[in-house]
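Asker: Sharing a structure, written as structure tokens. Questions coming.
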Amino acid sequence: MSLENMTAALGGADHPGADGPVPAEAPGRVRLRAFADNRLAVAGLAVVIALTLFAFIGPLLYHTDQVHTRLAAETLRPGPGHPLGTDNVGYDQLGRLMVGGQTTLEVAFGAAAVAVLLGVVWGATAGYLGGFADGLMMRVVDALLAIPALFLLIFLATVFKPSVLMLIIVVGVTAWLVPARLVRGEALSLRNREYVQAARTMGVRPPTIIFRHIVTNSIGTILVNATFQVADAILLVAALSFLGLGISPPATNWGAMLSDGLNYTYSGYWWLTYPPGIAIVLTVVAFNLIGDGLRDAFGLDTRRG
Amino acid sequence: MIRFLVRRCSQALVVLLLVSIIIFILLHLLPGGPARAILGTHATPTTIAAFNRENGLDSPLPVQYWHWLTGVLSGNLGFSYVLNQPVSSVLAQRLPKTAFLAGISVLLAVLIAVPVGLYQAVRRARLDDYVVTTVTFVLYSTPAFWVALLLIDVLAVRLHLFPAEAPQGAFSALFGDPSALVLPVATITLVTIAAYSRYVRSSVLDELAQDYVRMARSKGAGLRVVLLRHVLRNALSPVVTLLGVSLPFILSGTLITEQVFNYPGVGLLIFNAAEQQDYPVMLGVVLVVGAATVVGSLLADIVYAILDPRVRASVNGEAGR
């Protein structure tokens with residue numbers, strides 16, 4: 001759980017996002033401008049775009065063999081032919097960084113999407129229903145939140161053999177709790193608005209109200225949290241890889257590259273650790289900056305950061 | 001206060017019950033169920049069926065849950081055939097160590113984060129605020145295991161200041177060599193400071209915008225007096241709840257740290273259990289850690305309510321959480 005998520009969990013029930021001032025004209029454009037004015041957030045976005053291009057377009061321009069090991073060419077220093085050297089089984093480190101980046105970003109985006117989707121459905125339903133159902137649904141969230149993510153993930157990763165898809169599901173399933181709480185808080189205040197009551201009186205079915213009115217009006221909160229979820233997932237997957245529960249070779253991710261490289265710290269093979277390590281830190285910082293910028297642009301509670 | 005306590009405690013009880021149900025579901029999520037957990041991955045369907053019949057595992061799930069729950073409540077967390085010990089006695093050895101490591105680290109993190117956050121709030125949007133924000137952001141965004149290994153590389157291997165391995169053996173051994181605790185504690189503290197200081201910063205900023213601050217200032221109170229006597233007191237009580245809420249985060253960090261420094265707590269225990277597919281131990285750890293988190297955040301909420309009467313007043317709903 002990230003620091004953003006952690007503090008968000010505190011303010012889930014009563015944060016003022018939904019009651020904030022409503023911009024009079026073209027709210028989308030106002031928010032876009034507010035986001036664009038935040039230089040750190042724009043820098044974060046630029047970093048994310050650059051790293052995504054690097055990971056997905058890079059391999060088209062820079063061809064390396066990332067399937068067959070070449071033990072004769074292991075741990076070569078950076079030099080001609082291998083700008084970032086080679087790793088402990090002879091893979092070109094720069095090419096590896098691209099392949100690892102693909103997995104890292106795929107899992108992070110996928111897990112964030114799963115988490116936010118689950119959380120939004122659960123939280124909006126609980127908040128809209130209110131009463132006993134809400135109480136019970138939120139206690140389930142409390143119970144799952146009480147189990148530290150990494151402990152649960154270790155168990156799940158032992159039972160289900162990790163692949164990209166499995167990691168997305170497993171990380172997503174442990175991460176949906178905070179978005180659920182946030183959206184539930186929004187729903188609690190939105191369900192008493194006139195237009196929601198009007199819709200109910202006109203006989204609109206609850207699922208339609210939940211999706212058309214509650215979810216759309218919580219979109220700021222959802223978007224901000226989704227951004228932090230991506231950052232979180234990257235760190236969680238890195239931790240899992242370090243514990244040896246990541247994806248098996250020749251597939252890799254930055255976390256796995258970093259933890260493999262750390263075995264060679266004492267040999268002075270810095271190119272095995274710093275490139276993937278810095279890539280992780282850069283991406284996580286970038287997503288946090290974007291999240292901060294989005295939160296300001298949507299005028300949400302600053303306490304949650 | 002009584003109403004608050006009753007409400008909050010009954011909530012915690014429901015959550016504890018749900019935690020136990022989740023663990024029970026996990027136990028049955030295993031291919032082969034609890035029998036596979038005990039007999040291991042090589043058990044044949046016939047032996048599993050025989051085992052299930054002998055141990056009442058073929059009875060309806062609610063009945064099984066009831067038996068399991070009553071067992072857990074009387075301290076029977078199952079038996080680890082890998083370690084050849086009851087899970088409860090393994091946990092009794094390991095849990096105090098993790099509590100000690102996490103406790104010291106949290107205490108240190110708070111002691112550092114409060115002044116840092118306060119300073120940042122006062123210096124808001126100046127260069128030093130940005131510098132501190134950047135440093136904490138980077139620390140937070142660095143995988144904990146990398147932080148730990150960088151600390152080892154610099155402070156243990158190059159400078160020989162502290163040992164790279166935690167003290168082994170009994171709980172009392174932890175105090176025998178305090179220098180061996182420095183690096184594990186530093187790792188958890190470093191990755192936790194970021195979260196706390198950011199929270200303190202915005203909490204103080206909220207308070208600084210209040211009327212009572214302007215009032216005190218206009219009556220001639222100095223900034224230092226206002227900060228220490230008024231703002232800090234109001235800004236710190238929510239930090240108590242943050243401690244409760246951040247427990248799972250800290251325990252996840254503790255797991256990584258224990259693995260890096262070979263610190264014999266529950267984090268290392270669950271890691272080793274995962275390697276050996278020792279499911280009874282894994283689930284025992286998850287259960288105990290989950291329960292500890294529920295109790296921890298309950299205590300934090302109660303302390304918060306004692307510190308801030310407004311919380312008690314809003315018994316209704318979750319406004320106090």
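The values are calculated or read from the model by the stated rules, or taken from the named source; none is laboratory data. Please read all numbers here as calculations on a predicted model, not as lab measurements. Please note: Cβ atoms are built from the backbone with ideal geometry, for glycine as well, and neighbour counts cover all protein chains shown.
Asker: If I ask for residues that are at pLDDT 75 or above, surrounded by fewer than 16 Cβ atoms within 10 Å (Cβ to Cβ) and within 13 Å of chain B (Cβ to nearest Cβ), which ones from region A:2-52 would you list?
Answerer: Answer for region A:2-52, where residues must be at pLDDT 75 or above, surrounded by fewer than 16 Cβ atoms within 10 Å (Cβ to Cβ) and within 13 Å of chain B (Cβ to nearest Cβ): A:Arg39, A:Ala43.
Asker: Of all the residues that make up region A:192-243, how many are within 14 Å of another protein chain (Cβ to nearest Cβ) and within 21 Å of A:Ala279 (Cβ to Cβ)? Reasoning before the result, please.
Answerer: Within region A:192-243, the subset within 14 Å of another protein chain (Cβ to nearest Cβ) is A:192, A:227-228, A:230-243.
This time we only want the ones that are within 21 Å of A:Ala279 (Cβ to Cβ), so: A:227-228, A:230-243.
Of the residues in that region, 16 qualify.
Asker: If you take the residues of region B:33-78 that are buried (at least 16 other Cβ atoms within 10 Å of the Cβ), on the phi < 0 side of the Ramachandran plot and not in a helix (DSSP H, G or I), which of them is modelled with the highest pLDDT?
Answerer: B:Leu77
Asker: Report whether or not A:Gly246 is closer than 20 Å to A:Ala55 by Cα, more than 11 Å from chain B (Cβ to nearest Cβ) and not in a helix (DSSP H, G or I). Before you say what the answer is, go through the steps one by one.
Answerer: Details: closer than 20 Å to A:Ala55 by Cα: yes; more than 11 Å from chain B (Cβ to nearest Cβ): yes; not in a helix (DSSP H, G or I): yes.
So A:Gly246 passes the test.
Asker: Checking A:Val140 against (1) away from chain B (no Cβ under 14 Å); (2) modelled with pLDDT of 85 or more, which single condition isn't satisfied?
Answerer: With respect to (1) away from chain B (no Cβ under 14 Å); (2) modelled with pLDDT of 85 or more, A:Val140 is out only on (1).
Asker: Go through region A:249-260 and give me each residue that's outside any loop (DSSP other than H, G, I, E, B), more than 10 Å from chain B (Cβ to nearest Cβ) and buried (at least 22 other Cβ atoms within 10 Å of the Cβ).
Answerer: Restricting attention to region A:249-260, the residues satisfying the condition of being outside any loop (DSSP other than H, G, I, E, B) are A:254-260.
Still in the running and more than 10 Å from chain B (Cβ to nearest Cβ): A:256-257, A:260.
Within region A:249-260, A:Ala256, A:Met257 meet the criteria.
Asker: Turning to a different aspect of this structure: Return yes or no: is B:Ile112 more than 14 Å from every other protein chain (Cβ to nearest Cβ), within 15 Å of B:Ala186 (Cβ to Cβ), in a helix (DSSP H, G or I) and in contact with a helix residue (DSSP H, G or I) (Cβ under 8 Å, 6 or more places away or on another chain)? It would help to see each step written out before you state the result.
Answerer: Numbers: more than 14 Å from every other protein chain (Cβ to nearest Cβ): yes; within 15 Å of B:Ala186 (Cβ to Cβ): yes; in a helix (DSSP H, G or I): yes; in contact with a helix residue (DSSP H, G or I) (Cβ under 8 Å, 6 or more places away or on another chain): yes.
So B:Ile112 fits the description; yes.
Asker: Among B:Val294, B:Val311, B:Val289, B:Val260, which is at pLDDT 80 or above, buried (at least 20 other Cβ atoms within 10 Å of the Cβ) and over 13 Å from the mean Cα position of the chain (by Cα)?
Answerer: Residue meeting the stated conditions: B:Val260.
Asker: Say we look at region B:182-236 and pick out the residues that are among the charged types (D, E, K, R) and within 13 Å of chain A (Cβ to nearest Cβ); which of these is surrounded by the most Cβ atoms within 10 Å (Cβ to Cβ)?
Answerer: It comes out as B:Arg201.
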